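The values are calculated or read from the model by the stated rules, or taken from the named source; none is laboratory data. Note that the coordinates shown come from a computational prediction; the quantities given were computed from them, not determined experimentally. In this analysis, Cβ positions are derived from the backbone assuming ideal geometry, glycine residues included, and neighbour counts consider all displayed protein chains. Note: accessible area is taken over every heavy atom of the protein model, side chains too, but ligands, DNA and RNA are not part of it. Shrake-Rupley method; radii C 1.70, N 1.55, O 1.52, S 1.80 Å.
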Amino acid sequence: RREGKTPLPNKPVLLVTRCLPDAVVERAKRDYDVRLHQQDEPLPADAILAGAAGADAIMTAPGAPLKAELLAKLPASVRMIATFSVGFDHLDLPAAKARGIAVSNTPDVLTDATADITLLCLLGASRRAWEGQDMLRREEWVGWNPRQLMGWSLGGKRLGIYGMGRIGRAVADRARAFGMKILYHNRSRLAPELEQGAVYYADAEAMLKASQFLSLNAPASAETDNFLDARRIALLPDGAIVVNTARGTLVDDEALIAALKSGKLAAAGIDVYRGEPKLHPGYLPLKNAYLLPHLGSATVETRNAMGFCALDNLDAFFAGKDVPNRIA
Ligand code: 8YV
């Protein structure tokens, strides 16, 4: 982080498309001529274009996409896009590259928070946490009883992790502490010191057959789109529990909803949705769906760190240094 007391000589003009945490805004104001967006709703495309006139850089985030069509219309003054996120499916990297615009993201700083929320989803789904909350708040709890809201233990179960990057590995670390056995699928096998005894499946479908619990931790891409469809859900053991804290596009919603309804799957814990902020309405009435509104990185510490990381990337660029988290 650039803690420096000496501001950059000529403050670059920075357009910000989302309303950011206060500490991030303060630092951005110190070092940039900032065009802030103060509403929680993302800045719409036409306002991005208008705001980008004469801007040197844009700080954006999911919800305010910069795809090819918009990138093509950006003024030549824009030389860098820093996203306040690790995911970059809302950007078009080849299109940015073609225009000579540098792009950065914020990996690492949100790994722990996202892995934590994955465990919350695993536990929330397997221990029927929402049903319990709902019963209390409806004042329908008639008292403890031996058969009430029995869920399923994590201890001794096999957890399949689809996507063993930083977040997948942090999920594995936590799940081990709950006594789970870790299986994983990744494009390539990890080194033993990263694998930590987890069993590698080159074939994702072979892993599904053995996964009593499944955690999706791969980025959105053409390769992962609709990964969890009806055919692959059928490969999971009956009564399996599925968790998605990665991106909604990894799942075929109709298929997941059908499997939760039929009892093929015991429960699901979901933090991310296709077409956010809308989610498939079929999830809402399902008691065995533990649903969160994309809270993966939502801690004060993490959101500040994401903002500072995005600013570090911008600072490096405008100081003529290598951008630490450059992705295009
Ligand atoms: C963020 C995320 O909360 O960083 C990402 O890719 O999905 C989330 O954890 C969100 O994108 C904030 O910009």
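Taking the conditions exactly as written (farther than 16 Å from residue 84 by Cβ and open to solvent by less than 60 Å² (accessible area, probe 1.4 Å)), does residue 267 satisfy them or not? Yes: the conditions hold for residue 267. Candidates 272, 242, 300, 251: the one that is in contact with a His (Cβ under 7 Å, 6 or more places away or on another chain) and closer than 26 Å to residue 86 by Cα is 272. Only residues that are open to solvent by less than 30 Å² (accessible area, probe 1.4 Å), over 15 Å from residue 84 (Cα atoms) and not aliphatic (A, V, I, L, M) were counted in the stretch 304-328, giving 0. Among the criteria (1) within 16 Å of the ligand (Cβ to nearest atom); (2) of a type in the set (D, E, K, R); (3) open to solvent by less than 50 Å² (accessible area, probe 1.4 Å), the one residue 301 does not fulfil is (3).
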